[in-house]
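The values are calculated or read from the model by the stated rules, or taken from the named source; none is laboratory data. Treat the numbers as computed from the prediction; the structure is a model and nothing was measured. In this analysis, Cβ positions are derived from the backbone assuming ideal geometry, glycine residues included, and neighbour counts consider all displayed protein chains. Just the protein is used for accessible areas: all its heavy atoms, side chains included, with ligands, DNA and RNA removed. Shrake-Rupley method; radii C 1.70, N 1.55, O 1.52, S 1.80 Å.
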Amino acid sequence: MEAQRQKVQALIVQTFIAAAADAVWAALVERPDLLFDALPASRWPVETSDQPPFHRSLTWPHTPEPTPLSFTIHELMGGVRLDLRHEGWHEDDPAWEAAIHGHFSGWLHGLALLGLWVETGADARVSDPALQGRERYLISGEVPAPADAVFRSLSDPDVVVRWSEGAFDGLTMAEQVEDKLVRWSAPGREVAAVLRATPRGTHVALAEYGVEDRSASARWPQAFDRLSRFLL
């Protein structure tokens, strides 16, 4: 008899959104295009268990086997904390390992996009129609500094050159939303960074669109490290 596969701890992702619970619930339900932007889905499964405006649970079909997924909204002073809990992951299986990494990155990205949209109405997804459907690179990380300092380090050209070591060469500033979004663009390439305040600093969810080689996977982890050291 085949031994039962062990399961890893749940993926737990949290984000603070400066909006009322009803507004966050409406976005959660009505904008899966934002939440699932980096995941293999475009809409919610037909069957969900809802307790509006605070809880949604369902079986997620886009893993090697269906997995339990839930979202819970906690009211806090000045907004809400949206908690995502994704369980049922197996260990020691390449297909599951790939799914874990892909979903963790995808949920971080999707919650950042959703929070930004609720707070500002800004859509951080790729804006150039020519780049839609092209390869992209995603990276998320927490920078130990407040959002205003991180925003200035990403948006002020005089500050960017002090730490970036050419990561933004060839890109032109295309969009800014104060302390929350910075977008750069160039022909055939676009980079967007969403900033979300956390208790320990700022979560930065960055996406490069129009990726054609492995340079992005070398460029952005090093840039994150340099930015964190620059702001310490």
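Before moving on, here are some points about what is shown:
- The Kirkwood radius of the stretch 56-213, taken over pairs of alpha-carbon atoms, gives through the Stokes-Einstein law at 37 °C and 0.692 mPa s a diffusion coefficient of 190 µm² s⁻¹.
- Fraction of C-alpha pairs exceeding 21 angstrom in the stretch 124-232: 28 percent, rounded to a whole number.
- Excluding ligands, DNA and RNA, the accessible surface per residue across the chain is 51 Å² with a 1.4 Å probe.
- Cα convex hull of the stretch 54-94, projected area averaged across orientations, nm²: 3.6 nm²
- Proximal charge balance of residue 48 [Cβ under 14 Å; K/R count +1, D/E count -1]: -1
- Computed over protein heavy atoms with a 1.4 Å probe, the carbon and sulfur contribution to the accessible area of the stretch 3-151 reaches 51%.
- At R0 = 25 Å, FRET efficiency that the Cβ-Cβ distance of residue 23 and residue 83 yields, to 0.05: 0.90
- Along the stretch 191-207 the Karplus relation, 6.51 cos²θ - 1.76 cosθ + 1.60 evaluated at θ = phi - 60°, assigns HN-Hα couplings of 10, 10, 10, 9, 10, 10, 5, 10, x, 10, x, 9, 7, 10, 10, 10, 10 Hz to successive residues, with x for each Gly and Pro.
- With respect to the chain, whose longest principal axis is taken over its alpha-carbon atoms, helix 21-30 is tilted by about 80°.
- Whole-angstrom Cα spans of the stretch 1-131 along principal axes, big to small: 53, 40, 26
- Against the compact-protein benchmark of 2.2 N^0.38 Å, the Cα-based radius of gyration of the stretch 125-170 scales to 1.43.
- Virtual spin-label span in nm between residue 230 and residue 75, 7 Å along Cα→Cβ: 4.1 nm
- Among the protein heavy atoms of the stretch 182-225, carbon and sulfur supply 52% of the accessible surface, probe 1.4 Å, non-protein parts ignored.
- HN-Hα J in Hz across the stretch 167-182 - Karplus 6.51, -1.76, 1.60, θ = phi - 60°, x for Gly and Pro: 4, 9, 4, x, 9, 10, 4, 10, 7, 9, 10, 3, 6, 10, 8, 9
- Cβ crowding within 10 Å averaged over residues, with 91-101, 150-160 ranked highest first: 150-160, 91-101
- Relative to the longest principal axis of the Cα atoms of the chain, helix 215-231 runs at roughly 70 degrees.
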